[in-house]
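Contents: one structure, followed by commentary.
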Amino acid sequence: MKPGLPAAAALAALALSLPAAAQEHAGHGAGAGGDMARAVEALYRENGGQRLGGVRLDLAEGGAGAPGGDWRVEASAWTGGDITRARLRVRAETDAAELELAWVHAFDPWWNLQAGAGKDVSGDGDAYLMAGVEGLAPYWIHASGELRLSERGRLGAHLEAATDQRITRRLILQPRLEAGIGIDGGLDLHEAE
């Protein structure tokens, strides 16, 4: 028998007998007590556990064709961490506006689940619940899809895809495709730019 084998076997048996929480980090089984928990908490806080926030203007476009001009704005503000955050999104056009508050959770480095509620603040003022997915598909295509259930019982789906095509260093073409489907309204193609 080799000289160090009984000690190694005893250490292996001790490691296997520890509860799963103690096996998570090597220092947990060494009698460090609360020191290890504080160290893990500090590590998480300093390397990705921060609470951050941001404001983003996704789209701002306008035209001078109609009296007063046509315009469209999409903006969002969020707060939270790397994995889970709360988001407020505003979509407004010349004759319509919509507010949406959602919980967003990353389930993959490129994709997020989202669930929340929104309200059309113009026109009929319909409120809705929504659930969906958004992310970055292969070939740098920004994609999102969501299902909405309004307070009037209308079930709808909204799909959107966009990508950036650089023509020059400063000139960027952004083809965008949006489609909406409603149970009581049939197929409604919103916009294809």
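At-a-glance table
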| quantity | calculated |
| --- | --- |
| Exclusive hit being outside any loop (DSSP other than H, G, I, E, B) and either at pLDDT 90 or above or surrounded by 13 or more Cβ atoms within 10 Å (Cβ to Cβ) (or both), set ALA86, ALA60 | ALA86 |
| Subset of region 141-178 that is basic (Lys, Arg) and open to solvent by 70 Å² or more (accessible area, probe 1.4 Å) - its residue that is nearest to TRP110 (Cα to Cα) | ARG166 |
| Contacts under 9 angstrom Cβ, first residue in region 155-171 being over 19 Å from GLY182 (Cβ atoms) and modelled with pLDDT of 90 or more, partner open to solvent by less than 40 Å² (accessible area, probe 1.4 Å) and not in a strand (DSSP E or B), 6 or more apart | none |
| Region 98-124, subset touching a Lys or Arg at 6+ places or on another chain (Cβ under 7 Å) and open to solvent by less than 70 Å² (accessible area, probe 1.4 Å), residue nearest to GLU178 (Cα to Cα) | GLU98 |
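Each row is one residue, and each column tells you yes or no for (1) in contact with a Cys (Cβ under 8 Å, 6 or more places away or on another chain); (2) under 22 Å from VAL55 (Cβ atoms); (3) outside any loop (DSSP other than H, G, I, E, B).
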site: LEU101; (1), (2), (3): no, yes, yes
site: ASP108; (1), (2), (3): no, no, no
site: ASN112; (1), (2), (3): no, yes, yes
site: GLU146; (1), (2), (3): no, yes, yes
site: GLY153; (1), (2), (3): no, no, no
site: GLY156; (1), (2), (3): no, no, yes
site: LEU159; (1), (2), (3): no, no, yes
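The values are calculated or read from the model by the stated rules, or taken from the named source; none is laboratory data. Remember, predicted model here, so these are calculated numbers, not experimental data. Here the Cβ is made from the backbone with ideal geometry for all residues, glycine too, and neighbour counts use every protein chain on show. Remember, those area values only see protein heavy atoms, side chains included, never the ligands or the DNA or RNA. Shrake-Rupley method; radii C 1.70, N 1.55, O 1.52, S 1.80 Å.
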